[in-house]
There are 2 protein chains.
Amino acid sequence: MVVKTKKLYIYECALRRFADIWMEAKSQSIMLESYAMNGGDGPYSYAQNSLYQRGLMEAAKGMINEEIAMKLDIQELSLAASEPIRIADLGCSCGPNTILAVQHIIDALKRKFQSHSTPEFQVFFNDHVSNDFNSLFASLSVLGKQYYAASAPGSFHGRLFPKATVHFVYSSYALNWLSKVPERVVDKTDPAWNQGRIHYTGAPKEVLEAYSDQYAKDIDSFLQARVKELAPGGLMALLIPAVPDVITDPQITIGSEFKLVGSCLMDMAKLGMVSEAKVDTFNLPIYFTYPKELRQIIEENGCFSIERMEVLNIPKQHIVMPDLRQRMLYIRAILEPLIKNHFGNEIIDQLFEIYSRKLSESSIFLNPECQKTTAIFLLLKPI
Amino acid sequence: MVVKTKKLYIYECALRRFADIWMEAKSQSIMLESYAMNGGDGPYSYAQNSLYQRGLMEAAKGMINEEIAMKLDIQELSLAASEPIRIADLGCSCGPNTILAVQHIIDALKRKFQSHSTPEFQVFFNDHVSNDFNSLFASLSVLGKQYYAASAPGSFHGRLFPKATVHFVYSSYALNWLSKVPERVVDKTDPAWNQGRIHYTGAPKEVLEAYSDQYAKDIDSFLQARVKELAPGGLMALLIPAVPDVITDPQITIGSEFKLVGSCLMDMAKLGMVSEAKVDTFNLPIYFTYPKELRQIIEENGCFSIERMEVLNIPKQHIVMPDLRQRMLYIRAILEPLIKNHFGNEIIDQLFEIYSRKLSESSIFLNPECQKTTAIFLLLKPI
C-alpha cells in the first residue's frame with residue numbers, strides 16, 4: 001500500500017513537471033518564433049517571397065556540381081555496407097528553395113556514384129523549432145522524393161546530429177542570422193547602445209563591432225558543431241549573403257533596407273503609434289560579413305580547410321526586384337515574425353505601408369544600378 | 001540570347017510546377033490532417049487528453065526493460081565506431097507520452113551498455129505530416145534531452161528510413177489506425193456498405209471483414225517496411241490496443257464509444273443538422289485486432305519472430321476515466337480532426353454535447369466494472 005502511494009506520488013510529480021515544461025515550451029516557442037520565416041504559402045509567406053534567395057542558390061549550383069565531382073572522395077567517405085548518404089540543409093526555411101537545392105545536391109551525388117552502386121539518401125531539414133515544417137513535408141509527400149526525409153529542428157549554432165553521421169552539409173542564406181541580438185546593443189550604459197535604430201547600418205562603429213563580435217562567436221560555434229557531425233570525407237557547402245571587403249556606399253544596399261524599416265518605426269514612434277523605448281530595444285539579429293572577415297574566422301577556428309571561396313555578385317533587380325510591392329514583400333517575409341513578436345500584430349500592415357511609400361522614394365529602389373548584393377560561396381572540408 | 005531565353009523558360013516552368021505542387025500539397029495536407037491527433041496544448045488537445053494511452057505505456061515499461069536487458073545483443077548490433085543508436089517512435093503524436101517513452105527506452109539502453117562505452121542516441125519521431133511536431137520539439141528544446149531529435153513525418157505503412165539504419169522501433173497506441181477506410185464500406189453496391197454507422201462496432205459481419213482485411217494488409221506493409229529499416233540485431237516493441245480473442249460483450253467497451261458517436265451523428269441527421277449521406281460516407285479508419293488474428297498476420301508475413309506477446313488487461317476507470325467530461329475529451333481529442341475534416345467545424349461542439357449526454361446514460365459509463373480494454377505487447381525481431 002505504501003509502495004502504491006509512493007508510485008502515485010512520483011507519477012503526479014512527473015505529470016506536474018510535464019505541465020510546467022509544456023507551459024515553458026509554449027512561451028519558448030513564442031520566443032523562437034521570432035527567428036523563423038513567415039510560414040504557409042500566403043501572399044506574405046517566405047515560400048512566395050524568396051525568389052531572390054533562389055537566385056543565389058541557382059548561382060551556386062554549378063559550383064556545388066563541380067565540387068562534388070572533384071572534391072568528394074568516395075573512398076574517403078568509406079560508407080559501411082548499405083549505409084545511406086546523409087545530407088543536411090541547415091536553416092532550410094519552408095519554401096521550395098530547400099527542395100530544389102536538395103534535389104540538386106542529390107543529382108550531383110548520383111552522378112558521382114555512377115560507376116559505384118548508388119547508396120540511399122537521407123535528408124535532414126533543419127531550421128528553428130517554430131519553422132513551418134508542416135508545409136515543407138506536405139509538399140515533399142506530394143513530390144514523390146528520391147530520399148528519406150527527416151527534420152532536425154533546433155539552432156544550428158549548436159549540435160544537431162550524432163557525431164560523424166552527416167556526409168554533406170548545405171546552408172544557404174541562413175548564416176547571416178545571429179544566434180541572438182548582441183547584448184551590448186540593448187545595454188543603455190554601453191557605447192554600443194543602438195538607440196533609435198534596429199540594425200547596425202548607419203550606426204556608430206561600436207554597434208557594428210558588437211554585431212561583428214557576436215557573428216565571430218556564432219560562426220565559431222557553428223563550425224565546432226559541424227566538424228563533429230561530419231563523417232570522414234564529408235563536405236560542407238555554404239552560401240552566405242555578404243558585403244564586399246571594401247564598401248563603396250551607393251553600390252551596396254543589403255543593410256539599407258533594414259535601416260529604412262528602422263526609420264519607419266521611428267516615424268511611427270514620433271506619431272505615438274509605438275513607444276520609442278520599444279524601438280530602442282528592438283534589433284535585428286542579422287549580420288552581413290565580408291570575405292576577409294569570414295576567412296579569418298574560419299582560419300582561427302581551425303576545424304576546416306577552405307577548399308573554395310568565391311564572391312558572387314548578384315544584381316538584385318535582374319532576379320525579381322523591379323516591382324515595388326514584391327520588393328516590400330521580400331523584406332516583410334523575412335522580418336514580419338520578428339516585428340510581430342516585439343511590437344505585436346497590430347502595427348504590421350501600417351508599418352509596411354509606410355515602408356512601401358518610403359521605399360518608392362528611396363535611392364535603394366529608384367536607382368536600379370545600385371541594386372547589387374554579394375554572397376560568398378564556400379566549400380569547407382574538415383581538417 | 002537564345003540560351004538566356006531558354007533558361008528563363010525552364011526557370012518559369014519550374015516555378016509553375018512548384019506552384020502546382022504547393023497547391024496540391026496544401027489540399028493533401030487537409031486530407032492528411034484527418035489522421036493526426038488534436039495538436040497544441042488546449043483543453044481539447046491530445047497532449048492534455050492522452051492519460052489513458054500513458055497508462056498503457058506505463059504498463060509496458062517493465063516489459064521493455066526486461067526485453068532490452070535480455071534480448072538486445074550488443075555484439076549482434078555491431079555498431080560501427082562512433083555510430084549512434086537510432087530509435088524510432090512510430091505514431092508518436094505530440095503529447096508528453098512519446099517523450100516519456102523514449103526517455104524510458106534510452107534509460108534501459110544505457111543500463112544495457114553500462115559495461116561498454118555508451119553510444120550517442122538519435123531519436124526519430126514519426127507521425128503523419130500534419131501532426132503537431134512544433135509543440136513536440138518546442139517541449140524537447142526546453143527539456144534538455146540526452147539525444148539528437150529528428151522527426152520523420154509520413155505514413156508508417158510505408159518506408160520511412162534508409163535500410164538497416166534503425167536499432168529500436170517503438171510504437172504505442174498507433175497500430176489501431178488503418179492506412180485508409182476500407183473501400184468496401186463506402187461502396188453502396190457492396191454488402192459491406194456501412195450505412196448509418198461510422199465504425200464496424202454493431203455492424204453486419206461484412207463490415208467487420210472489410211476492416212479486418214484492410215488491417216491485415218496494413219500490418220503486412222508495416223512489417224515489410226520495418227524489416228528493411230531495422231539494423232541487424234535491432235528490436236521492435238509494439239503496444240497495440242486490442243480486444244480479447246473471445247469477446248463477451250459487456251466486458252469490452254473499446255469500440256462502443258465510436259458506436260455512440262455514430263448514433264449521435266445519426267441523431268443530428270434526423271434533426272437535419274447533417275445529411276444522412278454524409279454520415280454514410282464517414283467511417284473511422286480504426287481497427288482493434290485480437291491476439292490470435294495479430295499472431296496469424298505476423299506469422300504469415302514471415303519477416304519477424306515473435307519474441308514476446310502478452311495481453312495486458314487495463315481497467316480504464318483506474319486510470320483517468322471516472323469523470324464524464326474527461327471521458328468525453330478523451331474521445332474528442334482522437335476524433336475531432338477526422339470529424340472536422342468530413343463534416344466541417346460547425347458541428348463539433350454540439351456533437352460532443354450530445355455525446356456527453358448520451359454517454360452519461362450509457363452502460364459504457366455507468367457500469368465501472370465494464371471499463372476494461374485490452375492491449376497487446378509485442379516484441380519482434382527480424383528473422
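The values are calculated or read from the model by the stated rules, or taken from the named source; none is laboratory data. Everything numeric here is computed off the predicted structure, so don't read it as measured data. Virtual Cβ from ideal backbone geometry, glycine too; neighbours counted across all protein chains shown. Please note that ligands, DNA and RNA were not included when accessible areas were found on the heavy atoms of the full protein model with its side chains. Shrake-Rupley method; radii C 1.70, N 1.55, O 1.52, S 1.80 Å.
Observations on the model:
- Amide proton proximity set for A:Ala231, modelled H, under 5 Å, gap of 5+: A:Thr165, A:Val166, A:His167
- Chain A against chain B buries an accessible area of about 4600 Å², both chains summed, 1.4 Å probe radius.
- Where labels lie 7 Å past Cα in the beta-carbon direction, separation of A:Lys292 and A:Gln146 in nm: 4.4
- Taken over segment A:180-233, the percentage of Cα pairs per 10 Å bin, counting from 0 up to the bin with the maximum distance, is 25, 39, 19, 13, 4.
- For B:Gly196, distant residues with modelled amide H under 5 Å away: B:Asp280
- Residues whose placed amide H lies under 5 Å from that of B:Ser151, excluding near-sequence neighbours: A:Ser151, A:Ala152, B:Phe125
- A DSSP coil position with no more than 12 other Cβ atoms inside 10 Å describes the following GluC sites (Glu not before Pro) in segment B:324-383: B:Glu346.
- Approximating the spin labels as points 7 Å out from Cα along Cα→Cβ, the A:Glu209-to-B:Asp267 distance works out to 7.4 nm.
- Förster-model FRET efficiency, 60 Å R0, A:Asn341 and B:Glu300, C-beta, rounded to 0.05: 0.65
- Accessible surface, segment A:178-294, averaged per residue in Å² (probe 1.4 Å): 39
- The 3J(HN,Hα) values that the Karplus relation (6.51, -1.76, 1.60; θ = phi - 60°) gives for segment B:161-178 are, in residue order, 10, x, 5, 6, 10, 10, 9, 9, 9, 10, 8, 10, 6, 10, 7, 7, 8, 7 Hz. Gly and Pro appear as x.
- Between copies, the label points of A:Met273, set 7 Å from Cα on the Cα→Cβ line, lie 4.5 nm apart, reported in increasing order to one decimal in nanometres.
- Cross-link pairs beyond the 23 Å C-alpha cut-off, checked among B:Lys110/B:Lys228; B:Lys180/B:Lys270; A:Lys61/A:Lys110: B:Lys110/B:Lys228; B:Lys180/B:Lys270
- Inter-copy label distances for A:Lys145: 1.8 nm (label point placed 7 Å from Cα along Cα→Cβ; shortest first).
- Average other protein chain Cβ within 10 Å of Cβ, residues A:154-165: 4
- For A:Lys205, the distances from its label point to the matching points in the remaining copies are 9.1 nm, ordered from shortest, with each point set 7 Å beyond Cα toward Cβ.
- Cα-Cα over 20 Å, subset of A:Lys71/A:Lys112; B:Lys188/B:Lys278; B:Lys71/B:Lys112; A:Lys381/B:Lys163: A:Lys381/B:Lys163
- Efficiency of FRET from Cβ geometry, B:Glu307 and A:Gln326, R₀ 45 Å, rounded to 0.05: 0.15
- Looking at segment B:151-243, the trypsin sites (Lys or Arg not before Pro) that sit in a DSSP loop and have at most 14 other Cβ atoms within 10 Å of their own Cβ are B:Lys180, B:Lys188.
- Across segment B:96-107, computed HN-Hα scalar couplings (Karplus, 6.51 cos²θ - 1.76 cosθ + 1.60, θ = phi - 60°) run x, 3, 5, 5, 5, 4, 4, 4, 4, 5, 5, 4 Hz from first to last residue, x flagging Gly and Pro.
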